[in-house]
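Colleague: Sharing a structure below in structure tokens format, with a few things to ask.
The values are calculated or read from the model by the stated rules, or taken from the named source; none is laboratory data. Since we're looking at a predicted model, the values are computed, not measured. FYI the Cβ positions are ideal-geometry reconstructions off the backbone, even for glycines, and counts take in every protein chain you see. Note: areas computed on protein heavy atoms with side chains; ligands, DNA, RNA excluded. Shrake-Rupley method; radii C 1.70, N 1.55, O 1.52, S 1.80 Å.
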Amino acid sequence: MAMIVDAFAGKLLERLTNVIEEKAIMVLGVKDELQRLRRRMERIARVLKDAEKRRIQDETVKGWVDELKDLMYDADDIIDLCMIQGTGLLQDADHHSQLPESSTTASTRVRCNFPLLSCVRTVPFRYEIADKIKSLNDRLTEISEDKDNFNFIISSKSSADAYVMNEASYRQSSSLLEPDKCRLFAIVGMGGIGKTTLAQQIYNDPKINDAFVTDLLKEIIRNTGGRYGKSTTIAELQNILCDVLCGKSLFLVLDDIWDDKMWNDLIKNPIGGTTTKCRVLVTTRDRNTGIKMGALHIHNVNQLPLDSGWELLCKRVFTNSDNTDMQRMKDIGMKIVEKCDGLPIAIKAIASVLVTKGQNRREWENVLNSDAWTIIGLPGELQGALYLSYEALPSTLKHCFLYCALYPRGRELSCNDLVCQWIAEGYIEAKGNASMEDVAKSYYMELICRSFLQPDPEYVDMSFCTIHDLLRALAEFFAGDESFLGDPQEVQSIESMKKLRRLTVTSNQENVSIPHLDYLRSLWLWTPPSLNTQVIGNLKHLRLLLLNGDKIENIPDNIGDLVHLRLLDLEHTCINNLPNSLGNLINLQFLLLNDCMFLHILPKSITKLYNLRCLRLHDTPLNYVPKEIGKLEHLYHVEGLIIGNNGDDGEEGCNLEELQMLEKLSYLHVKNLEKSSSKSALVLSNKTQLRELVLGCTPNYTDGHIQQQEMDKIVQVFDELRPPPCLDTLVIHCFFGGRYPKWMSSTSITTTLQELIYLQLINCSNCPHLPQLGQLPQLKYLKIEGATAVVSIGPEFLGNYNGESTEITFPKLETLLFINMSNWEEWSLISGEEDNEPESSKILLFPRLNYILIECCPKLKALSSGLNRVSHLPALKELEIDDCPMLEYVEKLASLQSLKVIDYEEDKASLPQWLISFLQQREENPHNDLFKLHLECSAQALKGYLKGRPHWSFIQQVPRFIGYAKKQSMYLKYTKEPYYYETNIIDNDQEDEILYLN
């Protein structure tokens, strides 16, 4: 991505202000030159916002801006060198002062721990760095004089589309169900008009979901995209597709197709000749592409009518539905909508601008009359509302948005990864009491709110997102020639990459090579290619280095020369060693080593990384983490920290006491707690910023044989790990104590965990009773897995520890999961017998619970009678029951929309009795037609649900039904209205196989 010149100037000025008074600068004697540099940058920064705008249209201005950017990059590097060299001199001075006078020789007066600076004398050393800064000042003087030639302006300090789509999607999805064998349909329209949205709605239509096998979609797209790893030929892939799809139905969506070759040359023959029924839905900007692909029907997505566009804008801007304000602003708003040319993406983008203006007519008129609507120099599809919305972003957000263009197309963006990368690039500064990570997360959410990023609906916390193709094109345009995404070996002229700052390598080749790029600051390598990593040590200006995938097997010893490096990501690689020179990376903030399956040892020099903020070690089989990790006082995120030593090398690993010094921790994941000393202090009590905590013992540590002494010891360790009350996420796994920690007891839990939102208790196999969780006021997600000692869950689970019922329990719980509880028999949430029902009915249980999963609980007899009798679970929408053969009844779930039952017992030839009773209840009391029953069972049982068989009478009353057997190779699908029935099950009463399709 390109640097936003005014934003980077602000960051550079901030760095200069912060370092000028540092002792490291004083000892170098360069304070005056740095102050001079700061003063000149302050003067020139006042015109950079105007320069940033004008460089799009004026090549001369662009040249001036580029020259200034080169200087600022150099200045950023020099500040690093000043701090490194000055700090080295201070360390030498301290070392010298501690030596006996007789040992102070010429050879010990100046020593440096950094290979870049070794064996230099103090005076020439200072002259060299001073000359570099003076040279910068001279260059900046010329640039400042040139700026006067440009007369720069000095800066002072829904939904309507859903309605349209739903109507179209209903018509199109109905035609997709017609009985021809293979049909292709095309959706045509300009970028941003809503083709993908329409395709998604058709894909998710219940009729489509029930009528086609869609599980193979990702595999098909992946295989037709080319070779991966030890790849096969396209012909071989086509044969594989033929075998996989033979006799199956398929619904395939090909989104954003630019030519017909993918369909005609790669996919058409394999799927057209082997599937029993195939429907293909294509979105494209070019009608001719749809025609060449043989589309039987082409649907043109029209631009939104003006009234619908205004309705969409209002949904985004007037969140309080104030009709008075809507009418007052309508005349201006309609003119703004008209300028968006009926494009939903443009209307949403401009709405994000208007939201920041309030209902102020003058501000809206300024937006309407902005010259950004007519700016020249941009590709046509990026002009107008999209550019205006981008231009309205604060400069810091522009930086963060443009950075997203470095991600390969089609790859999801992770909030956690972006936070690390934005900080490492220098885009984020701490504000007040908020950490840089908190500020970066707020930027991420702001980009979502402004519609520049689209959150993945699969993640309720919006931790993953995508970027619309048009917005990606906008980011790529402004990234310019400073960034490159692709295979550098395919670039015809290396000269064009001479000043490349950021490189993301994506290639289908087995190996890639990287040319010598003197100015490169960021290098990403995505799988699958391998790389000769020796070239990395020559890229002296790198700040971010990301090497991912199993083709990366080693890291060069000279990586310690990359003294500017802020982020090193080696996750999912096959490295087995990290060089000791890693400790020279004193600017390193993020060391990411998750899932390095062959890495067992970390170098001791890791404890020298004093600026480290994030250390990720999850799923990496380390023997130990070196002692003195507690010296890294800036650590904010620690994941997979191992206590003690797993190996037999005699080395002593870190202990819990070292966490005492890490006061800035926000995320902490600790493993091997059974190896902790029972004398551990209350190491978590001072962590006032701690939000997420994962505490774990080694899986299968005891192998079922455990001494009472060991159980008592681990309970004592956990008792002392009392978290601060600010915690919002807690995970405890493989805890083998006989009771939960004291801070989870009835008298402490509501104060200790008063802000807790997410709780997981995994494989706590020796605790016979669950904590009293019902009174946690903020709890939304609860997962209990592997609690094999639990036989009964009673009223104490709700917090009724004195036998007295409270008025409301689990007030905010939305998701509840019970998994692998092999001895759980009873779930009774109210005390007393039936005659207590009137009193107990005053209790409000689980008022917001909308999803329950009960899996592998073979002895459970009932979904709590108390739970049904008292509250009827008013918000429950989804219930999933898997492998609970003893279950006897589930009832009174009026709001239920989806029931999934998995019961593969081979000797069962009928529906479970509780399910029959439940369906009879629904028949007696008709409910809405959104209910869906998903059943996976034995082949014998599934045959009993065929039309005309004994249990068909129950199935035919279900609005939507889908049943599977034999790993989903056998199926029965049924929709009540509109009527649809299909199965591939062999009817034993007939001589031949019968395929029902009505």
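Colleague: Which one is surrounded by the most Cβ atoms within 10 Å (Cβ to Cβ) among residues in region 532-549 that are more than 27 Å from the chain's Cα centre (by Cα) and not in a helix (DSSP H, G or I)? Walk me through how you get there before you give the answer.
Modeller: From region 532-549, those more than 27 Å from the chain's Cα centre (by Cα) are 532-541; that's our starting set.
The next check asks that each one be not in a helix (DSSP H, G or I); those that pass are 532, 539-541.
Working: Asn532: 12, Leu539: 22, Lys540: 15, His541: 20.
This residue is Leu539.
Colleague: Which ranges mark the helices (runs of 4 or more DSSP H) fully within region 308-375 that have 2 or more residues being open to solvent by 50 Å² or more (accessible area, probe 1.4 Å), at pLDDT 80 or above and of a type in the set (Asp, Glu)? Reasoning before the result, please.
Modeller: Details: elements: 323-339, 344-355, 361-368.
Passing ranges, in order: 323-339, 361-368.
Colleague: If the Cβ limit is 8 Å and pairs must be 6+ apart or interchain, which residue in region 642-653 that is under 12 Å from Lys627 (Cβ atoms) and modelled with pLDDT under 80 pairs with which residue that is among the hydroxyl-bearing types (Ser, Thr, Tyr) and open to solvent by less than 30 Å² (accessible area, probe 1.4 Å)?
Modeller: Close Cβ pairs satisfying both conditions: Glu651/Tyr624.
Colleague: Output the residues belonging to region 1-44 that are open to solvent by less than 30 Å² (accessible area, probe 1.4 Å) and either polar (S, T, N, Q) or not in a helix (DSSP H, G or I) (or both).
Modeller: Listed by number, the residues that qualify are Met1, Ala2, Met3, Ile4, Ile20, Val30.
Colleague: OK, next. Among the numbered criteria (1) modelled with pLDDT under 90; (2) crowded, with 18+ Cβ neighbours inside 10 Å, which one does Met462 miss?
Modeller: Failed condition: (2).
Colleague: Kindly provide the set of residues from region 417-440 that are part of a helix (DSSP H, G or I), open to solvent by 20 Å² or more (accessible area, probe 1.4 Å) and more than 20 Å from Arg472 (Cα to Cα), ordered by number.
Modeller: Taking region 417-440 and keeping what is part of a helix (DSSP H, G or I), we get 417-425, 436-440.
Filter once more, keeping what is open to solvent by 20 Å² or more (accessible area, probe 1.4 Å): 417, 436, 438.
Correct list: Met436, Asp438.
Colleague: If you go through region 693-736, how many residues are among the acidic types (Asp, Glu) and over 23 Å from Gln660 (Cβ atoms)?
Modeller: So the first thing to find is which residues in region 693-736 are among the acidic types (Asp, Glu), and the list is 703, 710, 712, 719-720, 728.
Next cut, over 23 Å from Gln660 (Cβ atoms) only: 703, 710, 712.
The qualifying residues number 3.
Colleague: Here's another thing I want to ask about it. Conditions: (1) surrounded by 20 or more Cβ atoms within 10 Å (Cβ to Cβ); (2) under 25 Å from Asp255 (Cβ atoms). Cys400 meets all but one. Number of the miss?
Modeller: (2)
Colleague: Right, Lys859: more than 35 Å from the chain's Cα centre (by Cα), at pLDDT below 80 and of a type outside the set (Ser, Thr, Tyr) or not? Full working, then the answer.
Modeller: On the way: more than 35 Å from the chain's Cα centre (by Cα): yes; at pLDDT below 80: no; of a type outside the set (Ser, Thr, Tyr): yes.
Taking the combined requirement at face value, the residue does not satisfy it.
Colleague: Cβ-Cβ below 7 Å, separation at least six or inter-chain, first residue in region 595-609 and over 10 Å from Pro579 (Cα atoms), second part of a loop (DSSP other than H, G, I, E, B) and open to solvent by 80 Å² or more (accessible area, probe 1.4 Å): which pairs?
Modeller: These pairs meet every condition: Asp595/His572; Asp595/Asp619; Phe598/Asn576; Leu599/Asn576; Thr607/Glu628.
Colleague: How many of the residues in region 550-579 are at pLDDT 95 or above, in contact with a helix residue (DSSP H, G or I) (Cβ under 6 Å, 6 or more places away or on another chain) and outside any loop (DSSP other than H, G, I, E, B)?
Modeller: 1
Colleague: Checking Val790 against (1) more than 27 Å from Lys859 (Cβ to Cβ); (2) over 26 Å from the mean Cα position of the chain (by Cα); (3) assigned to a loop (DSSP other than H, G, I, E, B); (4) among the β-branched types (Val, Ile, Thr): exactly one of these is not met. Which one?
Modeller: Only one criterion is unmet by Val790, namely (1).
Colleague: Do we find a residue being within 24 Å of the chain's Cα centre (by Cα), at pLDDT below 90 and among the charged types (D, E, K, R) anywhere in region 508-517?
Modeller: Of the residues in region 508-517, the ones within 24 Å of the chain's Cα centre (by Cα) are none.
Checked against the condition, which is being within 24 Å of the chain's Cα centre (by Cα), at pLDDT below 90 and among the charged types (D, E, K, R), region 508-517 yields no hits at all.
Colleague: Another question, if that's okay. Kindly indicate whether any position in region 862-876 is closer than 24 Å to Glu936 by Cβ, open to solvent by 50 Å² or more (accessible area, probe 1.4 Å) and either polar (S, T, N, Q) or modelled with pLDDT of 80 or more (or both).
Modeller: No: region 862-876 contains no residue that is closer than 24 Å to Glu936 by Cβ, open to solvent by 50 Å² or more (accessible area, probe 1.4 Å) and either polar (S, T, N, Q) or modelled with pLDDT of 80 or more (or both).
Colleague: If you don't mind, there's one more thing I want to ask. Does Phe478 qualify as being open to solvent by 40 Å² or more (accessible area, probe 1.4 Å) and either touching a Leu at 6+ places or on another chain (Cβ under 8 Å) or small (Gly, Ala, Ser) (or both)? Explain how you work it out, then say what you get.
Modeller: Values: open to solvent by 40 Å² or more (accessible area, probe 1.4 Å): no; either touching a Leu at 6+ places or on another chain (Cβ under 8 Å) or small (Gly, Ala, Ser) (or both): yes.
The answer is no for Phe478.
Colleague: Which count do you get for residues in region 979-993 that are at pLDDT below 85 and open to solvent by 50 Å² or more (accessible area, probe 1.4 Å)?
Modeller: Summing the residues that are at pLDDT below 85 and open to solvent by 50 Å² or more (accessible area, probe 1.4 Å) in region 979-993 gives 7.
Colleague: I would also like to ask the following. Hey, could you check region 705-753 for residues that are in contact with a helix residue (DSSP H, G or I) (Cβ under 6 Å, 6 or more places away or on another chain), under 18 Å from Lys687 (Cα atoms) and in a helix (DSSP H, G or I) and say which is most open to solvent (accessible area, probe 1.4 Å)?
Modeller: Of everything passing the filter in region 705-753, Asp719 is most open to solvent (accessible area, probe 1.4 Å).
Colleague: Looking only at region 290-300, count every residue that is surrounded by fewer than 20 Cβ atoms within 10 Å (Cβ to Cβ) and touching a strand residue (DSSP E or B) at 6+ places or on another chain (Cβ under 9 Å) and tell me the total. I'd like the intermediate steps shown before the answer.
Modeller: Taking region 290-300 first, the residues surrounded by fewer than 20 Cβ atoms within 10 Å (Cβ to Cβ) are 291-292, 294, 296-298, 300.
Going one step further and asking which of them are touching a strand residue (DSSP E or B) at 6+ places or on another chain (Cβ under 9 Å), we end up with 291, 294, 296-298, 300.
So the count comes out to 6.
Colleague: Would you confirm whether or not region 642-651 contains a residue that is open to solvent by 20 Å² or more (accessible area, probe 1.4 Å) and either closer than 23 Å to Asp728 by Cβ or not in a loop (DSSP other than H, G, I, E, B) (or both)? Even if it seems obvious, please write down each step before you answer.
Modeller: Of region 642-651, the ones open to solvent by 20 Å² or more (accessible area, probe 1.4 Å) are 645-651.
Now narrow it down to the ones that are either closer than 23 Å to Asp728 by Cβ or not in a loop (DSSP other than H, G, I, E, B) (or both): 645.
Checking region 642-651: at least one residue is open to solvent by 20 Å² or more (accessible area, probe 1.4 Å) and either closer than 23 Å to Asp728 by Cβ or not in a loop (DSSP other than H, G, I, E, B) (or both).
Colleague: Another one. I want to confirm something. Restricting to region 441-459 and keeping residues that are modelled with pLDDT of 85 or more, in a helix (DSSP H, G or I) and in contact with a helix residue (DSSP H, G or I) (Cβ under 8 Å, 6 or more places away or on another chain), which single residue is nearest to Ser389 (Cα to Cα)? Even if it seems obvious, please write down each step before you answer.
Modeller: Restricting attention to region 441-459, the residues satisfying the condition of being modelled with pLDDT of 85 or more are 441-448, 452-456.
Checking which are in a helix (DSSP H, G or I) leaves us with 441-448.
If we keep only those that are in contact with a helix residue (DSSP H, G or I) (Cβ under 8 Å, 6 or more places away or on another chain) as well, we get 441, 443-444, 446-447.
Values: Lys441: 21, Tyr443: 16, Tyr444: 16, Glu446: 13, Leu447: 11 Å.
The extreme case among them is Leu447.
Colleague: Condition check: surrounded by 13 or more Cβ atoms within 10 Å (Cβ to Cβ), at pLDDT 70 or above, touching a Lys or Arg at 6+ places or on another chain (Cβ under 9 Å) and not in a loop (DSSP other than H, G, I, E, B). Does Leu281 satisfy that?
Modeller: Details: surrounded by 13 or more Cβ atoms within 10 Å (Cβ to Cβ): yes; at pLDDT 70 or above: yes; touching a Lys or Arg at 6+ places or on another chain (Cβ under 9 Å): no; not in a loop (DSSP other than H, G, I, E, B): yes.
When the stated conditions are applied, Leu281 does not pass them.
Colleague: If I filter region 827-854 down to residues being under 38 Å from the mean Cα position of the chain (by Cα) and open to solvent by 50 Å² or more (accessible area, probe 1.4 Å), which single residue comes out as modelled with the lowest pLDDT?
Modeller: Step by step, filter region 827-854, then rank; the result is Leu844.
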